[in-house]
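Chemist: This is the structure I have questions about; it appears just below.
The values are calculated or read from the model by the stated rules, or taken from the named source; none is laboratory data. Source: prediction; values computed, not measured. Note that we place each Cβ from the backbone using ideal geometry, even for glycine, and neighbour counts take in every protein chain shown. The protein model used for the area step is the full one, side chains on, heavy atoms only, and it has no ligands, DNA or RNA in it. Shrake-Rupley method; radii C 1.70, N 1.55, O 1.52, S 1.80 Å.
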Amino acid sequence: MNVPNVSFEFFPPKSGAMEQKLWDAIERLQVLEPNFVSVTYGAGGSTRDRTHRTVKRIADQTFLNPAAHLTCVAATKEDVLEVVGDYATAGIHHIVALRGDPPDGMGQAFSPHPGGYESSVDLISGISTAFPDRFQISVGCYPEPHPESR
């Protein structure tokens, strides 16, 4: 049963019990044959390892097309590109590139990490330059201008 233009977004589990719930949900949802499923990336990269493990497991154990969220918050360009390289090695070729929320929380001013990407546009450019034609890159955007947009 293919439902056109549908995707699901998952949060990386924080515990064994939450991981079991996630996999139960994945098993129930995969019969809908979504275009892709994505796994979020916590504020400041706080879920980096859990996101990577979850995306890799989806790729290894299901027929779903996983997309990994990636932000440029609290990381150098080298750190971000290392994560991208890990995805390429794991056979993950879809990234949802986001600037990410300010490390100090919503409502606070965003300040790029020294040596890091300043925006999602810079992040996309960095991925595309370092890994030409290797990734499908999706983005998230506001239906109205972002509060910090010119």
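Chemist: Out of the residues in the stretch 130-150 that are within 21 Å of G91 (Cβ to Cβ) and of a type in the set (S, T, N, Q), state the one that is surrounded by the most Cβ atoms within 10 Å (Cβ to Cβ).
Modeler: S138
Chemist: Now for a separate question. For F36, which of the numbered conditions (1) in contact (Cβ under 8 Å) with a residue 40 or more places away in the chain; (2) open to solvent by 20 Å² or more (accessible area, probe 1.4 Å); (3) touching a helix residue (DSSP H, G or I) at 6+ places or on another chain (Cβ under 6 Å) fails to hold?
Modeler: (3)
Table: residues versus (1) closer than 23 Å to K14 by Cα; (2) touching a strand residue (DSSP E or B) at 6+ places or on another chain (Cβ under 8 Å); (3) at pLDDT 95 or above.
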{"residue": "V80", "(1), (2), (3)": "yes, yes, no"}
{"residue": "D104", "(1), (2), (3)": "yes, no, no"}
{"residue": "G116", "(1), (2), (3)": "no, no, no"}
{"residue": "T129", "(1), (2), (3)": "no, no, yes"}
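Chemist: A further question on this structure: Enumerate the pairs (first residue in the stretch 84-100 and over 11 Å from L70 (Cβ atoms); second residue anywhere and open to solvent by less than 10 Å² (accessible area, probe 1.4 Å) and among the β-branched types (V, I, T)) with beta-carbon separation below 9 Å, excluding pairs fewer than 6 apart on the same chain, so at least 6 apart or on different chains.
Modeler: Taking only residues 6 or more apart or on different chains, the pairs are A90/V55.
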